[in-house]
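Asks: Please find one structure pasted underneath; my questions will follow.
The values are calculated or read from the model by the stated rules, or taken from the named source; none is laboratory data. Here the structure is a predicted model, which means the values were calculated and not measured. FYI the Cβ positions are ideal-geometry reconstructions off the backbone, even for glycines, and counts take in every protein chain you see. Protein only, heavy atoms only, side chains kept; ligands, DNA and RNA dropped before computing areas. Shrake-Rupley method; radii C 1.70, N 1.55, O 1.52, S 1.80 Å.
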Amino acid sequence: MHRRGVGAGAIAKKKLAEAKYKERGTVLAEDQLTQMSKQLDMFKTNLEEFASKHKQEIRKNPEFRVQFQDMCATIGVDPLASGKGFWSEMLGVGDFYYELGVQIIEVCLALKHRNGGLITLEELHQQVLKGRGKFAQDVSQDDLIRAIKKLKALGTGFGIIPVGGTYLIQSVPAELNMDHTVVLQLAEKNGYVTVSEIKTSLKWETERARQVLEHLLKEGLAWLDLQAPGEAHYWLPALFTDLYSQEITAEEAREALP
Amino acid sequence: MDRFTWTSGLLEIKDTLVIQQRGIKFDAGTLLLSTHRLIWRDQKNHECCMAILLSQIVFIEEQAAGIGKSAKIVVHLHPAPPNKEPGPFQSSKNSYIKLSFKEHGQIEFYRRLSEEMTQRRWENMPVSQSLQTNRGPQPGRIRAVGIVGIERKLEEKRKETDKNISEAFEDLSKLMIKAKEMVELSKSIANKIKDKQGDITEDETIRFKSYLLSMGIANPVTRETYGSGTQYHMQLAKQLAGILQAPLEERGGIMSLTEVYCLVNRARGMELLSPEDLVNACKMLEALKLPLRLRVFDSGVMVIELQSHKEEEMVASALETVSEKGSLTSEEFAKLVGMSVLLAKERLLLAEKMGHLCRDDSVEGLRFYPNLFMTQS
């Protein structure tokens, strides 16, 4: 009987077969890449067409932007990942959000000495709109949130903290854990919080409440008011929206950046 | 020609623009054909716009061009209906018009017009703004000026916007389906690459990454958003090295990434960088042997420094400054030295890490003292 698979000849044959498979494998990947390249070109054309018809819509209509972003997220595409991406180049979404990022940074920097780097989304929104001027196009709070999410990549501690029905935006790398966040949320009602309030609402012990408040003081996020009736009040300037909405000008915001 | 009526020039809902041709004579304008009407708009004065219902057309014929004459289409019309809305002429003895095509396009236009005449689509799709048609007793609306006219304009605009938006959403959905196909394809390629570790060339990897970059798809293999290593980021890194040299020197050799982001994007004005673009480019600085580098502090703060900048040496001078003043907070130090509070803090923290400074952490803030435990024991 003919014995298979032994001897030098068989080994050589096997090597040849393996090499052929390898080659084939590389060819397969190459094929798929070529296919992807072709599809990419087609997609680019489709996107161009879409842009020529609806680019204005994206620019002018915040609800449409939300829809657009959500759809992208659903299929696993990030239109804001790179300024070099198709979405950014053709729809102009990139420039819109990246510029907004710059404006957000400037506003936060300008107000940091007052609120310690914590600001409500509303106030941020107001200040950004002011800085943009009358003729710039409208931005929504959703737009701000998306821009901030992208800014996180820069490593400087941008955070979004849900409080009440809205959000606090953190722009300095202060350590804020769950306890701090919860107290911030409690303070949202009146703009300040007291130890007793924390104890009653959150059922904490005095020491735990004190520690959290001290930390907020240290980070410059809270101010201590020893002259308040009853016990000490811990105020959060970040929540003083009415007081600050008139004060800062666009120049101030820009100058604040070193 | 009394069959024309003045119109706002908007296409009605369910009107579809079939073809458009410029250079029609009645003092140079644009002729638009829709499923319901023939519209003429003055090229110079866009407000001047008139239309004729296709249902008014009996018959059309071509007139070939001759020497000194441009090609024409002659449009024969029904008599004008009694309560037709106002137009350029109140009465006319002719029952036809001639469309003169100065910039060609007559053949195509004739073909389309004939098509529309045959299909008579306007009969299937009743138009919202009711102009007199030859069927049934539809009351023609008297066009009023003043508030009613304005309201009507707004209504038309609103409808147009709604139409635009729903059209936009439709187109968007179609586009997303195609985008999803791209995502699937990239996943399948990524799987192939994973299986054949080493069999895919570097070239192909680079190609693949750049495709992912264009689409905004996260790299399925490494999970980084398309990661560093694309050509684009390499070029960007080189550009940055050029742009940032001078600003860095002005600022003592070090800048936070946030500052860089603002500086670079403000300078660009358009085609801005995304935060991720910046980070990925900076990650490549050292590998490309450029005179800057990215540095990440323990706190997570990211900075760009000149290669020549030695933060550790700066710490020595920081120690001197603090010793002179007895103690300093980050804010005080920042003010003295002229740097941002963020970077001042990092420097003091580094000094502390190296054992030169001690901290005093209280509700009054974080204050640094020279580490006497080290020097005096």
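Asks: Which number in (1) part of a helix (DSSP H, G or I); (2) of a type outside the set (S, T, N, Q); (3) touching a residue at least 24 places away in the same chain (Cβ under 8 Å); (4) surrounded by fewer than 24 Cβ atoms within 10 Å (Cβ to Cβ) marks the one condition that A:Y98 misses?
Replies: (4)
Asks: Could I ask something else about it? What tally of residues in the range A:47-95 results from selecting those that are at pLDDT below 85 and part of a loop (DSSP other than H, G, I, E, B)?
Replies: Total meeting the criteria: 1.
To keep it simple, each residue is scored yes or no on (1) open to solvent by less than 40 Å² (accessible area, probe 1.4 Å); (2) within 21 Å of A:V93 (Cα to Cα); (3) not in a helix (DSSP H, G or I).
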| site | (1), (2), (3) |
| --- | --- |
| A:A110 | yes, no, no |
| A:R114 | no, no, no |
| A:E122 | no, no, no |
| A:K152 | no, yes, no |
| A:L168 | yes, no, yes |
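Asks: Out of everything in the range B:290-340 that is within 14 Å of chain A (Cβ to nearest Cβ) and of a type in the set (K, R), what residue ends up being farthest from B:A241 (Cα to Cα)?
Replies: Per the criteria, the residue is B:K335.
Asks: Considering only residues that are touching an Asp or Glu at 6+ places or on another chain (Cβ under 7 Å) and more than 7 Å from chain B (Cβ to nearest Cβ), look in the range A:45-67 and name the one that is least open to solvent (accessible area, probe 1.4 Å). Reasoning before the result, please.
Replies: Here is the first cut: in the range A:45-67, the ones touching an Asp or Glu at 6+ places or on another chain (Cβ under 7 Å) are A:50, A:53-54, A:62, A:64-66.
So of that shortlist, the ones also more than 7 Å from chain B (Cβ to nearest Cβ) come out as A:62, A:65-66.
Working: A:P62: 28, A:R65: 4, A:V66: 41 Å².
Per the criteria, the residue is A:R65.
Asks: Suppose we filter B:G29, B:G87 for residues that are modelled with pLDDT under 65, of a type outside the set (D, E) and under 35 Å from the mean Cα position of the chain (by Cα); which single one remains? Explain how you work it out, then say what you get.
Replies: Values: B:G87 fails: under 35 Å from the mean Cα position of the chain (by Cα).
Checking each option against the conditions leaves just B:G29.
Asks: Here is a list: A:V183, A:V139. Which entry is over 25 Å from A:W235 (Cβ atoms) and more than 14 Å from chain B (Cβ to nearest Cβ)?
Replies: On the way: A:V183 fails: over 25 Å from A:W235 (Cβ atoms).
Criteria check complete, one pass: A:V139.
Asks: Looking at B:Q231, is it of a type in the set (S, T, N, Q) and either within 11 Å of another protein chain (Cβ to nearest Cβ) or without any contact (Cβ under 8 Å) to a residue 24 or more places away in the chain (or both)? Give the derivation first.
Replies: Working: of a type in the set (S, T, N, Q): yes; either within 11 Å of another protein chain (Cβ to nearest Cβ) or without any contact (Cβ under 8 Å) to a residue 24 or more places away in the chain (or both): yes.
Yes, satisfied.
Asks: Condition check: more than 8 Å from chain A (Cβ to nearest Cβ), in a loop (DSSP other than H, G, I, E, B) and out of contact with any Leu (no Cβ under 6 Å at 6 or more places or on another chain). Does B:A287 satisfy that? Break it down into steps so the answer makes sense when it comes.
Replies: Numbers: more than 8 Å from chain A (Cβ to nearest Cβ): yes; in a loop (DSSP other than H, G, I, E, B): yes; out of contact with any Leu (no Cβ under 6 Å at 6 or more places or on another chain): yes.
It is true that B:A287 is more than 8 Å from chain A (Cβ to nearest Cβ), in a loop (DSSP other than H, G, I, E, B) and out of contact with any Leu (no Cβ under 6 Å at 6 or more places or on another chain).
Asks: Given the conditions (1) in contact with a Gly (Cβ under 6 Å, 6 or more places away or on another chain); (2) of a type in the set (G, A, S); (3) within 26 Å of B:G269 (Cβ to Cβ), and given that A:G116 satisfies all but one, which numbered condition is not satisfied?
Replies: Checking A:G116 against (1) in contact with a Gly (Cβ under 6 Å, 6 or more places away or on another chain); (2) of a type in the set (G, A, S); (3) within 26 Å of B:G269 (Cβ to Cβ), the one that fails is (3).
Asks: What are the residue pairs meeting all of these: first residue in the range A:219-238, first residue within 18 Å of A:L121 (Cα to Cα), second residue open to solvent by 80 Å² or more (accessible area, probe 1.4 Å) and of a type in the set (S, T, Y), Cβ atoms under 8 Å, and 6 or more apart or on different chains?
Replies: Cβ pairs passing all conditions: none.
Asks: Say we look at the range B:177-194 and pick out the residues that are of a type in the set (K, R) and more than 7 Å from chain A (Cβ to nearest Cβ); which of these is surrounded by the fewest Cβ atoms within 10 Å (Cβ to Cβ)?
Replies: Within the range B:177-194, the first condition is being of a type in the set (K, R), and the residues that meet it are B:178, B:180, B:187, B:192, B:194.
Within this subset, residues satisfying the condition of being more than 7 Å from chain A (Cβ to nearest Cβ) are B:187, B:194.
On the way: B:K187: 14, B:K194: 11.
Within the range B:177-194, the match that is surrounded by the fewest Cβ atoms within 10 Å (Cβ to Cβ) is B:K194.
Asks: Among the residues of the range A:68-91, what is the count of those that are more than 7 Å from chain B (Cβ to nearest Cβ), out of contact with any helix residue (DSSP H, G or I) (no Cβ under 6 Å at 6 or more places or on another chain) and not β-branched (V, I, T)? Spell out how you get there, then give the answer.
Replies: Pass one, the range A:68-91, residues more than 7 Å from chain B (Cβ to nearest Cβ): A:69-70, A:72-74, A:88-91.
Restricting the remaining residues to those that are out of contact with any helix residue (DSSP H, G or I) (no Cβ under 6 Å at 6 or more places or on another chain) gives A:69-70, A:72-74, A:89.
Filter once more, keeping what is not β-branched (V, I, T): A:69-70, A:72-73, A:89.
Within the range A:68-91, residues that are more than 7 Å from chain B (Cβ to nearest Cβ), out of contact with any helix residue (DSSP H, G or I) (no Cβ under 6 Å at 6 or more places or on another chain) and not β-branched (V, I, T) number 5.
Asks: Examine the range A:26-46 for a residue that is among the basic types (K, R), modelled with pLDDT of 65 or more and closer than 30 Å to B:D171 by Cβ, and state whether such a residue exists. Lay out the reasoning, then the answer.
Replies: To start, the set of residues in the range A:26-46 that are among the basic types (K, R) comprises A:38, A:44.
So of that shortlist, the ones also modelled with pLDDT of 65 or more come out as A:38, A:44.
Adding the requirement that they be closer than 30 Å to B:D171 by Cβ leaves A:38, A:44.
The answer is yes, given that some residue of the range A:26-46 is among the basic types (K, R), modelled with pLDDT of 65 or more and closer than 30 Å to B:D171 by Cβ.
Asks: Counting just the residues of the range B:310-336 that are in contact with a helix residue (DSSP H, G or I) (Cβ under 8 Å, 6 or more places away or on another chain) and closer than 20 Å to B:L257 by Cβ, which one comes out most open to solvent (accessible area, probe 1.4 Å)? Spell out how you get there, then give the answer.
Replies: From the range B:310-336, those in contact with a helix residue (DSSP H, G or I) (Cβ under 8 Å, 6 or more places away or on another chain) are B:311-312, B:314-315, B:318-319, B:321-322, B:325, B:328, B:330-334, B:336; that's our starting set.
Next, only the ones that are closer than 20 Å to B:L257 by Cβ stay: B:311, B:314, B:330, B:334.
Numbers: B:E311: 3, B:M314: 60, B:S330: 8, B:A334: 5 Å².
The qualifying residue most open to solvent (accessible area, probe 1.4 Å) is B:M314.
Asks: Could you go through the range A:187-194 and let me know if any residue there is open to solvent by 10 Å² or more (accessible area, probe 1.4 Å) and under 19 Å from the mean Cα position of the chain (by Cα).
Replies: no
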